[in-house]
Amino acid sequence: MDKNFWQLGAWRGVPVALHWTVLFVFVWLYFFFRDFLATVIASFAFFGLLVVHELGHAAMLRWKKIEVERITFFGLHGSTEYSWASAVNEILIAWGGVAAQLVLLLVAIAISFVPGISSTPIVSTIAVPVLFVFIQVNIFMMVVALLPIGPFDGRRAWAVIPRTRDRMRQRRKAANARKVDPEKGLSKAKRRELEDASAKEAAALLEKLSRNTRSRNEDA
């Protein structure tokens, strides 16, 4: 392990590490609160936010039965390394982190409307910095995560747009092809069914012509 990383342990057999740049988060958050205790609480909440984001990726990987190799936390983002994934799965994995953040955001907003949550000093001391991170900072981090640059998820997440556009174009082409040649839109089973029906009709027609020919020959 590189000396710039601290090994935190393992999650379901997956190594989890922390980069020293996470220390900058404390300084960054202190500019918001100007209070040591609130900054410490907010820093832990921020780390929890990073964990939620990476667990969103990991959950999507588990769902798609793709091996998770390593999870690393940096100052303003995390990294979940995994084995090979298809283009479609890459998009789903990229959106998994932001989706987990969105769930956390909705829960935090709902909690913020709970009556009296800021009335008790002890509860307020914890709730104010935690909700600030889970709402305002969370929204900021979602925007950052979706930037289509560098190590952020947006580079893969926004690939859904050209892929969807290509799929719609292919569907339009297929629809136009079916209008020109209706048989192209038929399944193999349907084609076989039509071929069998045509063969039976042809056989019946030949049999009828054969009977008519024999009948005329007898009359002659």
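The values are calculated or read from the model by the stated rules, or taken from the named source; none is laboratory data. Please read these numbers as outputs of a predicted model, since none were measured by experiment. Backbone-built Cβ (ideal geometry, glycine too); neighbour counts: all protein chains shown.
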> Since S83 meets every condition but one in (1) small (G, A, S); (2) closer than 23 Å to I135 by Cα; (3) at pLDDT below 95, which condition does it not meet?
Replying inline: (2)
> Name the strands (runs of 3 or more DSSP E) wholly within region 1-111 that hold at least 2 residues that are surrounded by 15 or more Cβ atoms within 10 Å (Cβ to Cβ) and touching a helix residue (DSSP H, G or I) at 6+ places or on another chain (Cβ under 8 Å)?
Replying inline: 68-73, 78-82
>> Regarding region 104-116, can at least one residue be identified that is touching a residue at least 40 places away in the same chain (Cβ under 8 Å) and aliphatic (A, V, I, L, M)?
In response: yes
> Does at least one position in region 115-135 carry a residue that is in the same structural domain as V40 (by TED's automatic domain parsing), in a helix (DSSP H, G or I), within 23 Å of the chain's Cα centre (by Cα) and modelled with pLDDT under 95?
Replying inline: no
> Across region 145-167, what is the total count of residues that are over 15 Å from L92 (Cβ atoms), of a type outside the set (K, R) and surrounded by fewer than 13 Cβ atoms within 10 Å (Cβ to Cβ)?
Replying inline: 6
